[in-house]
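Only one structure is covered here, and it is reproduced in the block below.
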Amino acid sequence: AQSVSQHNHHVILSEAASLELGCNYSYGGTVNLFWYVQYPGQHLQLLLKYFSGDPLVKGIKGFEAEFIKSKFSFNLRKPSVQWSDTAEYFCAVTGGAGGFKTIFGAGTRLFVKA
Amino acid sequence: NAGVTQTPKFRVLKTGQSMTLLCAQDMNHEYMYWYRQDPGMGLRLIHYSVGEGTTAKGEVPDGYNVSRLKKQNFLLGLESAAPSQTSVYFCASRPGQGGFYEQYFGPGTRLTVT
C-alpha cells in the first residue's frame, strides 16, 4: 500500500535560517510527488510538484524539492525562511501516470520566529 | 473563477443528527474528492468521484455517503453524526486522468459533533 512519511511534525526556526523538511514515500511504480502548504486559516495550495524530468524542482516563494528515486525521498528545501513561511506543509504522492488517489503525509508545522 | 467553494464553513451538530456538506467547483474538473483533516494525521480520503454519476470509497468512508449528480457538485452526507466525526472537511477537485495533476482545495468546513 502507498504511504507517505514526514519526519518532522513540528519545526521552529528563526528568520533567515535554512529549511529542509523530509518526506519519504512507499510505492513501487511511477510516482507523482507534491508539496502543499496550508497557511493559518487558509486552504491547501500547491507549493511544487514533480512528475518527470529534472529531479530538482522549483516552486513558489523560493521553495525547491529534490526527488531521489533510490531513496524514495522528496525533501523540501528553502535557503532562507521568512516569518510569512509559518504554515503547515504536506508531502503527497499520486501513484502511476493515471493515478486518481493521492496519499498525504501527516504534515509538518513550521513556525518561523521573527 | 471562484474555484472550489464549500458550504457551510462551520457547523455544530448533536450526536445522531444528519447534515450535508456541499462542494462546488467552476473549473469543469472531472475528479472530485472529500477529505477529513485531523491533527497529526494529515488528510485522509473519505470518498471520491471520477465523473458525474460515479463515486468510490476512500480510506475512511464509514459513516459518510456521497453523491455527484452534477459534474460541478459533490455532496458529502452524514446520516447519523458521531463525536468521532468532529473534524475539518476539505473538498478538492482535479482536471481528470493524469496523476501529475494537482488538486485544488476548498476553504474547508469545520464540523463539531457534541
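When the residues of segment A:56-110 are narrowed to those that are within 13 Å of A:LEU21 (Cα to Cα) and in contact with a Lys or Arg (Cβ under 6 Å, 6 or more places away or on another chain), which ends up surrounded by the fewest Cβ atoms within 10 Å (Cβ to Cβ)? Looking at the filtered set, the residue picked out is A:GLU64. So which residues in segment A:88-114 are within 9 Å of chain B (Cβ to nearest Cβ) and either in a loop (DSSP other than H, G, I, E, B) or in contact with a His (Cβ under 9 Å, 6 or more places away or on another chain) (or both), if there are any at all? Those that are within 9 Å of chain B (Cβ to nearest Cβ) and either in a loop (DSSP other than H, G, I, E, B) or in contact with a His (Cβ under 9 Å, 6 or more places away or on another chain) (or both): A:GLY96, A:ALA97, A:GLY98, A:GLY99, A:PHE100, A:LYS101, A:GLY105, A:ALA106, A:GLY107. Tallying residues that are away from chain A (no Cβ under 14 Å) and over 15 Å from B:VAL88 (Cβ atoms) within segment B:1-10 yields 1.
Reported count of residues in segment A:5-38, each being at pLDDT below 95 and within 20 Å of A:PRO79 (Cβ to Cβ), is 2. Kindly evaluate B:SER67 against the criterion of being over 29 Å from A:VAL37 (Cβ atoms) and either at pLDDT below 95 or out of contact with any helix residue (DSSP H, G or I) (no Cβ under 6 Å at 6 or more places or on another chain) (or both). So B:SER67 passes the test. So is A:PHE72 of a type in the set (Phe, Trp, Tyr) and within 12 Å of chain B (Cβ to nearest Cβ) or not? For A:PHE72, the condition - of a type in the set (Phe, Trp, Tyr) and within 12 Å of chain B (Cβ to nearest Cβ) - is not met. Beta carbons closer than 8 Å, at least 6 apart along the sequence or on distinct chains, pair a first residue in segment B:91-106 that is touching a residue at least 60 places away in the same chain (Cβ under 8 Å) with a second that is acidic (Asp, Glu) for B:ARG94/B:GLU30; B:ARG94/B:GLU102; B:PRO95/B:GLU30; B:GLY96/B:GLU30; B:GLN97/B:GLU30. Given the criteria assigned to a strand (DSSP E or B), at pLDDT 95 or above and within 14 Å of another protein chain (Cβ to nearest Cβ), does B:ARG36 qualify? In short, yes.
Could you list, ordered by first residue, the pairs with Cβ atoms under 6 Å in which the first is in segment A:68-97 and among the basic types (Lys, Arg) and the second is assigned to a strand (DSSP E or B), at least 6 apart or interchain? Partner pairs satisfying both residue conditions: A:ARG77/A:GLU20; A:ARG77/A:GLU64; A:LYS78/A:LEU19.
If you go through segment A:1-18 and keep only what is of a type in the set (A, V, I, L, M) and either within 11 Å of chain B (Cβ to nearest Cβ) or surrounded by fewer than 13 Cβ atoms within 10 Å (Cβ to Cβ) (or both), you end up with A:ALA1, A:VAL4, A:ILE12, A:ALA16.
All of B:GLN37, B:GLN6 fail the test of being in contact with a Pro (Cβ under 9 Å, 6 or more places away or on another chain) and buried (at least 19 other Cβ atoms within 10 Å of the Cβ), apart from B:GLN6. Scanning segment A:1-50 for residues that are of a type in the set (Val, Ile, Thr) and either farther than 25 Å from B:GLY106 by Cα or free of Cβ contacts under 8 Å to residues at least 40 places away in the same chain (or both) yields A:VAL11, A:ILE12, A:THR30. All of B:LEU69, B:LEU43, B:LEU13, B:LEU111 fail the test of being touching a residue at least 12 places away in the same chain (Cβ under 8 Å) and at the interface with another protein chain (Cβ under 9 Å from one of its Cβ atoms), apart from B:LEU43.
Quick check: anything in segment A:31-54 of a type in the set (Asp, Glu) and closer than 29 Å to B:VAL88 by Cβ? Steps first, answer last, please.
In the first step, residues of segment A:31-54 are kept if they are of a type in the set (Asp, Glu); the result is A:54.
Narrowing further to those that are closer than 29 Å to B:VAL88 by Cβ: none.
Taking every residue of segment A:31-54 in turn, none turns out to be of a type in the set (Asp, Glu) and closer than 29 Å to B:VAL88 by Cβ.
Residues that are closer than 24 Å to A:SER84 by Cα and β-branched (Val, Ile, Thr) within segment A:22-62 comprise A:VAL37, A:VAL57, A:ILE60, listed in sequence order. Evaluated against (1) under 23 Å from A:GLY107 (Cβ atoms); (2) more than 12 Å from chain A (Cβ to nearest Cβ); (3) among the hydrophobic types (A, V, I, L, M, F, W, C), B:VAL88 falls short on exactly one condition, (2).
The values are calculated or read from the model by the stated rules, or taken from the named source; none is laboratory data. Values in this document were obtained by computation on a predicted structure and should not be read as measured data. Every residue, glycine as well, gets a Cβ built from its backbone with ideal geometry; the counts of neighbours run over all protein chains shown.
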